[in-house]
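Working notes, structure below.
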Amino acid sequence: MKGKIRITLLCFTLLGFKTLAQQKLTAYQQQIEGTKLSFEMQPIPGGDFLMGSTKGNPDEAPVHKVKLDPFWMSRFEVVWDIYEPFLYKDYEVNNSMGKVPVQVDAVTRPTKPYLDMTFGMGKQNYPALAMTQYNAIQFCKWLYARTGVFYRLPTEAEWEYACRAGSKEEYSFGDDQSKLSDYAWFGANSEKKTHQVGQKKPNAFGLYDMHGNVAEWTYDQYQPDFYATLSKTIVKNPVAIAAKLYPLVVRGGSYEDDAKSLRSAARRPSEPSWKQIDPQIQKAIGGFLRLLLSELGWLDHCLHQTRLR
């Protein structure tokens, strides 16, 4: 899998906000304060599911039962329109309706790129590309400064649960690969480029582009035998906490990949070479952000992620 990396983020309410138990699990729109930008959030009900696959690679076994708390996930991939104000300070200033909050200056931004980070694939309503996991974490901090809401990457289990949307088959829509083009941009139909978000069918949770287009970072350290270390009965909210920079788990497959790499259970470890300043490598890994709202108990994981670079 050559995968564009799509970054999926998880967000938390602040101390002054209601907990999930006090809120109605409904869709909502999050405004980025001081701008005209916003993103849509979809409710994902809590529940249990069978994680992994017997039809994939060895690192997808054994299939095991996982129970997760409810959360919200963004309906679409985060596009350049949302990411650029974080990437470029002058762009943020020019697109803000008033003075930029002072707390934004405390957020570490990526080094200003000298390349066209869209690689000619398109910008408006296209998924943001070419970011490291560390930059995704910094984007979380920027969003907190602009919205008052904490964000983090989802765990691998949360990602697969959201992708499956109740399906026990290889894809969110079943096992029939002939239907994949209805739901995903991948090697067979993408013309070797990314596409605007939301052009394909959503899964049963109302999430678009979970299969293909650009692949996604997760929170977890990649451990090929991680599933074998979990409970043989049921495990709640599992996570392989990252203790080193590489490898981390990447999910979803990309516009360059074959159908097998887009399966709900497919895993891929990250590689140090993805950080090289090379146009071809950057095109292969990219980045995208999908937002997700959960209980405050996850905040500790969010803060610990700041050590990853």
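The values are calculated or read from the model by the stated rules, or taken from the named source; none is laboratory data. Only a predicted model underlies this, so the values are computations on that prediction, with no experimental measurement involved. Positions of Cβ are backbone-derived with ideal geometry, glycine not excepted, and every protein chain shown enters the neighbour counts. Side chains are part of the model used for accessible areas, which takes the heavy atoms of the whole protein and leaves out ligands, DNA and RNA. Shrake-Rupley method; radii C 1.70, N 1.55, O 1.52, S 1.80 Å.
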#### Entry: Label-to-label distance, nm, for residues given as A243 and A204 (7 Å Cα→Cβ offset)
3.7
### Message
At a 10 angstrom cut-off on C-beta neighbours, averaged per residue, how do the peptides 147-155, 191-199 rank from highest to lowest?
### Response
147-155, 191-199
### Whole-number accessible area per residue in Å² for the stretch 62-221, which is evaluated in the context of all protein chains at 1.4 Å
38
### Query
What does a probe at K112 reach in the stretch 126-149, counting residues whose amide N is under 13 Å from the point 7 Å along Cα→Cβ?
none
### Full-extension gain in nm, K192 to E33, via 0.36 nm per residue minus C-alpha separation
53.7 nm
### Task
Tabulate in residue order the Karplus-calculated ³J(HN,Hα) for the stretch 44-61, using 6.51 cos²θ - 1.76 cosθ + 1.60 with θ = phi - 60°, rounded to whole Hz; enter x for Gly and Pro.
10, x, x, x, 10, 7, 8, 9, x, 7, 9, 10, x, 8, x, 6, 8, 10
### Percent carbon-and-sulfur accessible area, the stretch 54-136, ignoring ligands, DNA and RNA, probe 1.4 Å
52
#### Entry: Karplus-derived 3J(HN,Hα), 6.51/-1.76/1.60, for each residue of the stretch 235-241, Hz, glycine and proline x
10, 9, 6, x, 7, 9, 4
